[in-house]
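**Q** The structure is given below, and queries will be raised subsequently.
The values are calculated or read from the model by the stated rules, or taken from the named source; none is laboratory data. Values in this document were obtained by computation on a predicted structure and should not be read as measured data. As a convention, Cβ positions derive from the backbone with ideal geometry for all residues, glycine included, and neighbour counts pool all protein chains shown. All accessible areas refer to the heavy atoms of the entire protein, side chains included, with ligands and DNA or RNA removed. Shrake-Rupley method; radii C 1.70, N 1.55, O 1.52, S 1.80 Å.
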Amino acid sequence: MELESLTESIIGAAIEVHRRLGPGFLESIYEKALILELHKRGLSVVSQKELIIRYDRVEVGRQRLDLFVEDLVLVELKAVKKLEPVHFAVARSYLRALERRHGLLMNFNKPTLEVRRVLNPYDSAS
């Protein structure tokens with residue numbers, strides 16, 4: 001699947017989840033509903049993927065990603081009043097560690113779903 005149509009499908013699934021559930025729930029509820037909706041659309045999704053963080057080739061920690069779709073797109077879910085710069089910084093760090101270029105940051109705690117694209121600024125294709 002082409003990246004543009006993949007991200008459109010992910011965003012469409014998130015819009016459907018937001019339309020049906022509305023704002024006000026915990027991130028974990030939106031995550032479970034979005035996984036169901038993405039599977040309905042035939043997409044492969046890894047939830048809570050463990051990411052090993054290395055420094056000088058030595059493991060220094062582990063992080064968990066919300067969703068990783070089709071082994072291409074990071075999806076980070078929030079249910080917050082406002083997306084903050086730290087949310088974007090974390091998503092970019094995850095992308096760098098994943099060695100992937102594209103991510104989506106979604107905030108379900110708004111009357112209209114808020115979606116922002118995030119790019120890995122360290123990706124060699126940039």
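**Q** Mind telling me which of the residues Asp66, Asp56 ends up being free of Cβ contacts under 8 Å to residues at least 40 places away in the same chain, over 15 Å from Thr7 (Cβ atoms) and open to solvent by less than 30 Å² (accessible area, probe 1.4 Å)? Explain how you work it out, then say what you get.
**A** Details: Asp56 fails: open to solvent by less than 30 Å² (accessible area, probe 1.4 Å).
On inspection, the qualifying residue turns out to be Asp66.
**Q** Can you tell me which residue among His18, His39 is at pLDDT 95 or above, crowded, with 17+ Cβ neighbours inside 10 Å, over 13 Å from the mean Cα position of the chain (by Cα) and not aliphatic (A, V, I, L, M)?
**A** His18
**Q** What are the pairs with Cβ atoms under 9 angstrom where one residue, in segment 101-112, is free of Cβ contacts under 8 Å to residues at least 40 places away in the same chain and the other, located anywhere, is of a type in the set (S, T, N, Q)? Sequence gap at least six, or different chains.
**A** These pairs meet every condition: Arg101/Asn120; Arg101/Ser126; Gly103/Asn120.
**Q** Still on this structure, I have one more. Among the listed residues Gly42, Gly24, identify the single one that is without any contact (Cβ under 8 Å) to a residue 12 or more places away in the chain, assigned to a loop (DSSP other than H, G, I, E, B) and farther than 19 Å from Glu99 by Cα.
**A** Gly42
**Q** When you scan segment 72-82, do you find a residue that is touching a residue at least 60 places away in the same chain (Cβ under 8 Å), more than 10 Å from the chain's Cα centre (by Cα) and open to solvent by 70 Å² or more (accessible area, probe 1.4 Å), even just one?
**A** Start the filter on segment 72-82 by keeping residues that are touching a residue at least 60 places away in the same chain (Cβ under 8 Å), which leaves 72-73, 75.
From what's left, more than 10 Å from the chain's Cα centre (by Cα): 72.
From what's left, open to solvent by 70 Å² or more (accessible area, probe 1.4 Å): 72.
Checked against the condition, which is being touching a residue at least 60 places away in the same chain (Cβ under 8 Å), more than 10 Å from the chain's Cα centre (by Cα) and open to solvent by 70 Å² or more (accessible area, probe 1.4 Å), segment 72-82 yields at least one hit.
**Q** I want to confirm something. Restricting to segment 83-98 and keeping residues that are among the charged types (D, E, K, R) and either surrounded by 17 or more Cβ atoms within 10 Å (Cβ to Cβ) or touching a residue at least 12 places away in the same chain (Cβ under 8 Å) (or both), which single residue is nearest to Ile10 (Cα to Cα)?
**A** For segment 83-98, the residue satisfying everything is Arg92.
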